[in-house]
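Step one of this worksheet: look at the structure below.
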C-alpha cells in the first residue's frame, strides 16, 4: 500500500507517496521530485552516478531505501552550490574543464565534497582513495584529481 | 522551490506541445530562434545552417552532436571567427530533424574537419552577403567596409549598421553550392573565401566549454529527464540464454504491482508502468517461459581460437606492393607475430535511454544516439511511417563513443509507444548496457616480416581477422539495425568489413589487409559487432605497432630509429620525433638488459599512427612488477598533429581523457561470455579503470599547423595505448604481451 514520506532536499521539505517503502531514494528524487541531477548508472552502488549527501555523507541513492532517508538532510549536486554561490569544487571543475559527458559528475563532486568537509587538506593518496570507487567512461579521472587538488591547495 | 517550479513549468509546456520553446526556456544552452518561421530545411540554403536574431544573436544549426568533447564551443568559435561576432553571441542547435540538416551525427571524429569547415564557409558567405547589404544601405562599396562585433563600418567610421539591423529575424534566402550528399559526405560552400590564419582572432584561442556550467551545477536536462504527460516507464525483458524467445508470459506474476502491464509483440517483451520503480519491480518479478536455445558460443577464453579457425567470409587486401612471397623467400630470416584483442563493450556509464511519443501517424523521439537523423529513418522504417512524419530530437545523455545502445533504446520506446498509444520512456538496466549493447569486435592480428642478411626488412605483411565491424550498421537507418527490428523479425542487412592500419611504413614488398568471419549468432545477438570508439584502431594497431617493435628488436634497432627509417611523410616523421624528444628518449634497442631479473622493472615504448590527416605518436613509460603482474602507467608523452587547431586547451583535454580511456581498454576491458550468454553484466564482471590506474603524468605536445586543414582528434590517440604499453613492457622485461587486456594474471603468466 502507498506510504508517505517527507524528504528534506536542498533545504526544502517535500512529501512523496510511494507504493514500496524499499524503493531507492534515487527514484524519489528523480521521478517524484523531478530532480534530474542524480543519475541512474547501475542501481548496484558500483559507479556513483546517483551520489547525494545524506546528512553530509556521500551515499549512493540507488542503494538507500526512501524510508531510510526520510529523517535525513539530503543534498544533491544542484543544492551543493549555484552559479551565484558555487561550491569551490564546482568552480575548480570549471577551471580544470574536467567533465566531458558529465553523466558521472554527481559521484565525483559529491564524494570529493564529503571528503573535504571531513578533511579539508587530504593527501594525494587520500584523495585517490576517496575517489577510487567511482567510474567515468570519458577518462576524466586525472582531471578530477587535479580539480580536487586545486581546492585543497587554495 | 524555484527549481521544481521551473521544472513543473516545463512539464506544462510539454503538455501544450510547445516542446522546442519549452526546452529553450528551461535550458539556456538551447538558443531562442525563429525556428517556427524558418524556411523549409534545404541543404543548399544558407538559412538552413545559420540565422541572425533581432538582437544580433547568431544561431547555428549543427546537424551533428557534441557528446561532451567540446564541439559545441569549437564549432561556435569557427562561426564567430568568420562572422566577426563575439563568441558569446553564437548559439548552437544540435541535431533535431525538424531544425537541422543531416550532417552525419557524430562519426569518425569529423565534427571540426567536415561540418565545422562547412559551417565556417556558411558564416563567411553570410558575412559577404551582409557586407553587400550594408554597402547598399550605407552607399559605400562593400570592400571598403569593415566589421567588428557584428557592426559594419564605413572606412571613415562615420556610418555604421549592425547585422541585426540588416537581417535580424529575417532570412538570407541565399543559395549555396551543395554536393548533393547528406551525412558525413555533405559539403556546402558559398562564394566567400574563408579567412587566412593570419586574420584569426577566435580560432586558435581557448574559450571554456559552453556546456560545462550547466553540467557542474546539476542543471542540464538529458534524454533521461524528458517527462511527458501520461508517459509510461518501460523495462525490456531479455532472455538468460541468447537466442531464446518468449513462449508464454504469466501476467499474474505482476498483478499486484500498481499499473504494471506486459507488452509482448512477436519476440519483443517489455513491462510498462506509470511509476518507474514499479516497472523495475515488474521486470524483476515477471515469469516468462522461454524457448530452448543453444547458441554454443565458444566462450571468451576460446574466442581467439575460434577466430583463427573460422572460415573467412570476406577478405580485402587494402595495400599491396612488390611481392611479399618473393620477399619472404629471399629473406635470411622470417619473423611472425600474432596479437589478440578481446571483445569490448561500449559500457557507457548510463545504460541507454530513449523516449518516444507516437500518435496519429506521427512520431517524436527524444534520443541520445549519435545519429539522430539516421535514427529517424530507422524508426520510420520500424513503425511503417514516412520519414517526414518522424521527428528525432537529440539531447545530451551518457557519453557515447561509437554505436552504443542508445539507438536500440530509442527504437524500443518507439515500438512500445506505437503499440500503447501513449508516450513511453525506455531506460535500460545495467546488465543490458553491458550484455546487450552492440560490441567492438575481437580480433587476431597476424604479421610476418622478412629480413635480409644485412638486417634490412624487405617484406612485411599484416592481416587482421575479426568479426565484421558493421554486423550492426552504425547509422541505425533501417529497422534491421536495431535490436527491436531483430526481435520483430525484419530481414537483416549485415555488411562485411574490417580495416587496416594506414600503411605509412614503406617496405619493398608489402601487403596489408583484413579478413572477416561469420557472426556467432545471426539475429538479436548480445555479441553483435559494430563501431566502438576508434572502431578498428586498438585491435589492428595493437598488432601492427607491437609487431613493428618486434621487428626493430629482432634487428637490434632502436624502436624510434626503426620507425623513422621506414617513414617518409614529414608529418609522420615529425610526430615520432617530437614525442621521442619531449620524452627524452634514450636511443637503444629494446629490451633494457639491466633489469632482466628484477621484480620491478621500468620500460618505455612508442607507438605511431596516421589516421585521416591526424598524425600521432605516443610514448608510454610503465612499471611492471613480475611477482604481481601489475602494470602501472607512469608517464605518457603524446605528440599530436591535427593540422589547424581551433581550441588548443579543449584539444589537450580531449587527448588527455582518451588516453586515460585507452588505458582502461588496454589493462582491464574484456567482455566475458560462456556457451549461452554474455556474463559481463555489471562493473564487477566488466572491470574498467579506476583512479588508482590512471597514468601519473600525461604530457601532450601539440604540433600546430595553421596552414593545414583541421583533421579529427576525438578518438585517434587512444588506439595507440595498447601497443605503447605492450612495447614498454617488452622494453622493461624482454617479454612481449600478445593479448589484451593486460590483466595481472595474464601478465604474470607471460612473465613466468
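Quick one: is residue B:223 crowded, with 21+ Cβ neighbours inside 10 Å and under 30 Å from residue A:98 (Cα atoms)?
Criteria met by residue B:223.
Name, by its number, the condition in (1) within 24 Å of the chain's Cα centre (by Cα); (2) crowded, with 22+ Cβ neighbours inside 10 Å; (3) in a strand (DSSP E or B) that does not hold for residue B:540.
Of everything listed in (1) within 24 Å of the chain's Cα centre (by Cα); (2) crowded, with 22+ Cβ neighbours inside 10 Å; (3) in a strand (DSSP E or B), residue B:540 misses just condition (3).
Taking the stretch A:100-131, which residues are facing chain B (nearest Cβ under 7 Å) and over 15 Å from the mean Cα position of the chain (by Cα)?
Of everything in the stretch A:100-131, those that are facing chain B (nearest Cβ under 7 Å) and over 15 Å from the mean Cα position of the chain (by Cα) turn out to be A:100, A:101, A:128.
Which condition number does residue B:712 fail, the rest of (1) in contact with a strand residue (DSSP E or B) (Cβ under 9 Å, 6 or more places away or on another chain); (2) farther than 30 Å from residue B:66 by Cα being met?
Only one criterion is unmet by residue B:712, namely (2).
Quick one: would you say residue B:285 is modelled with pLDDT of 95 or more, closer than 27 Å to residue A:18 by Cβ and more than 14 Å from chain A (Cβ to nearest Cβ)?
Judged against the criteria, residue B:285 is not a match.
Can you pull out the helices (runs of 4 or more DSSP H) entirely within the stretch B:344-438 that have at least 1 residues that are outside the structural domain of residue B:266 (by TED's automatic domain parsing) and under 16 Å from residue B:238 (Cβ atoms)?
Qualifying helices (runs of 4 or more DSSP H): B:430-435.
Return the only residue of A:148, A:98 being in contact (Cβ under 8 Å) with a residue 40 or more places away in the chain, in contact with a helix residue (DSSP H, G or I) (Cβ under 7 Å, 6 or more places away or on another chain), buried (at least 24 other Cβ atoms within 10 Å of the Cβ) and part of a helix (DSSP H, G or I).
Every option except A:148 fails the conditions.
Which condition number in (1) modelled with pLDDT under 50; (2) more than 30 Å from residue A:75 (Cβ to Cβ); (3) not in a helix (DSSP H, G or I) is the one that residue B:28 fails?
(2)
Give the stretch B:103-113 a look and list any residue that's crowded, with 23+ Cβ neighbours inside 10 Å and over 14 Å from the mean Cα position of the chain (by Cα), or say none.
Of everything in the stretch B:103-113, just one residue is crowded, with 23+ Cβ neighbours inside 10 Å and over 14 Å from the mean Cα position of the chain (by Cα), namely B:103.
Sort out which residues of the stretch B:439-457 are modelled with pLDDT under 95 and assigned to a strand (DSSP E or B), and write them in order of number.
B:457
With the condition kept exactly as written, say whether any residue in the stretch B:687-709 is within 20 Å of residue B:433 (Cβ to Cβ), buried (at least 23 other Cβ atoms within 10 Å of the Cβ), within 11 Å of chain A (Cβ to nearest Cβ) and in contact (Cβ under 8 Å) with a residue 12 or more places away in the chain.
The answer is yes, given that some residue of the stretch B:687-709 is within 20 Å of residue B:433 (Cβ to Cβ), buried (at least 23 other Cβ atoms within 10 Å of the Cβ), within 11 Å of chain A (Cβ to nearest Cβ) and in contact (Cβ under 8 Å) with a residue 12 or more places away in the chain.
Determine whether residue B:169 is closer than 26 Å to residue B:38 by Cα, within 13 Å of chain A (Cβ to nearest Cβ) and in contact (Cβ under 8 Å) with a residue 12 or more places away in the chain.
Here the answer is no, as residue B:169 does not meet what is asked.
Has the stretch B:149-162 got at least one residue that is surrounded by 18 or more Cβ atoms within 10 Å (Cβ to Cβ), in contact with a helix residue (DSSP H, G or I) (Cβ under 9 Å, 6 or more places away or on another chain) and part of a loop (DSSP other than H, G, I, E, B)?
Scanning the stretch B:149-162 turns up at least one residue that is surrounded by 18 or more Cβ atoms within 10 Å (Cβ to Cβ), in contact with a helix residue (DSSP H, G or I) (Cβ under 9 Å, 6 or more places away or on another chain) and part of a loop (DSSP other than H, G, I, E, B).
Quick check, is residue B:612 away from chain A (no Cβ under 14 Å), crowded, with 24+ Cβ neighbours inside 10 Å and under 25 Å from the mean Cα position of the chain (by Cα)?
no
With B:681, B:735 as the choices, which residue is in contact with a helix residue (DSSP H, G or I) (Cβ under 6 Å, 6 or more places away or on another chain), within 14 Å of another protein chain (Cβ to nearest Cβ) and assigned to a loop (DSSP other than H, G, I, E, B)?
B:681
Looking at this structure, is residue B:445 under 30 Å from residue B:349 (Cβ atoms) and more than 22 Å from the chain's Cα centre (by Cα)?
Criteria met by residue B:445.
Give the residue that is nearest to the other protein chains (Cβ to nearest Cβ), with candidates limited to residues of the stretch B:623-660 that are farther than 29 Å from residue B:79 by Cα and out of contact with any strand residue (DSSP E or B) (no Cβ under 8 Å at 6 or more places or on another chain).
The residue in question is B:628.
Could you check the stretch A:1-94 for strands (runs of 3 or more DSSP E) lying wholly inside it with 2 or more residues that are free of Cβ contacts under 8 Å to residues at least 60 places away in the same chain and either more than 12 Å from the chain's Cα centre (by Cα) or at the interface with chain B (Cβ under 10 Å from one of its Cβ atoms) (or both)?
Filter on the stretch A:1-94 gives A:12-18.
Condition test on residue B:215, is it assigned by TED's automatic domain parsing to the domain that holds residue B:50, modelled with pLDDT of 95 or more, surrounded by fewer than 18 Cβ atoms within 10 Å (Cβ to Cβ) and touching a helix residue (DSSP H, G or I) at 6+ places or on another chain (Cβ under 8 Å)?
Taking the combined requirement at face value, the residue does not satisfy it.
So, of the residues in the stretch B:276-309 that are part of a loop (DSSP other than H, G, I, E, B) and in contact with a strand residue (DSSP E or B) (Cβ under 7 Å, 6 or more places away or on another chain), which turns out to be surrounded by the fewest Cβ atoms within 10 Å (Cβ to Cβ)?
Applying the filter and picking the extreme gives B:291.
Does residue B:409 satisfy being more than 13 Å from every other protein chain (Cβ to nearest Cβ) and touching a strand residue (DSSP E or B) at 6+ places or on another chain (Cβ under 6 Å)?
no
Given the options B:524, B:552, B:580, name the one that is modelled with pLDDT of 95 or more, crowded, with 17+ Cβ neighbours inside 10 Å, at positive phi and touching a helix residue (DSSP H, G or I) at 6+ places or on another chain (Cβ under 7 Å).
Answer to the check: B:524.
Mind listing just one residue for me: the one in the stretch B:172-182 that is buried (at least 16 other Cβ atoms within 10 Å of the Cβ) and over 32 Å from the mean Cα position of the chain (by Cα) and, of those, nearest to residue B:152 (Cα to Cα)?
Ranking the candidates gives B:172 first.
Determine if the stretch B:591-604 includes at least one residue that is part of a loop (DSSP other than H, G, I, E, B) and either surrounded by 23 or more Cβ atoms within 10 Å (Cβ to Cβ) or in contact with a helix residue (DSSP H, G or I) (Cβ under 7 Å, 6 or more places away or on another chain) (or both).
Taking every residue of the stretch B:591-604 in turn, at least one turns out to be part of a loop (DSSP other than H, G, I, E, B) and either surrounded by 23 or more Cβ atoms within 10 Å (Cβ to Cβ) or in contact with a helix residue (DSSP H, G or I) (Cβ under 7 Å, 6 or more places away or on another chain) (or both).
Would you say residue B:451 is surrounded by fewer than 22 Cβ atoms within 10 Å (Cβ to Cβ), away from chain A (no Cβ under 14 Å) and touching a strand residue (DSSP E or B) at 6+ places or on another chain (Cβ under 6 Å)?
Answer is yes for this residue.
Condition first: buried (at least 24 other Cβ atoms within 10 Å of the Cβ) and under 26 Å from residue B:358 (Cα atoms). Now tell me which residues in the stretch B:428-448 satisfy that.
B:428, B:433, B:436, B:437, B:438 - these are the residues of the stretch B:428-448 that are buried (at least 24 other Cβ atoms within 10 Å of the Cβ) and under 26 Å from residue B:358 (Cα atoms).
The values are calculated or read from the model by the stated rules, or taken from the named source; none is laboratory data. Just so we're clear, the structure is a prediction, and the values are computed from it rather than from any experiment. As a convention, Cβ positions derive from the backbone with ideal geometry for all residues, glycine included, and neighbour counts pool all protein chains shown.
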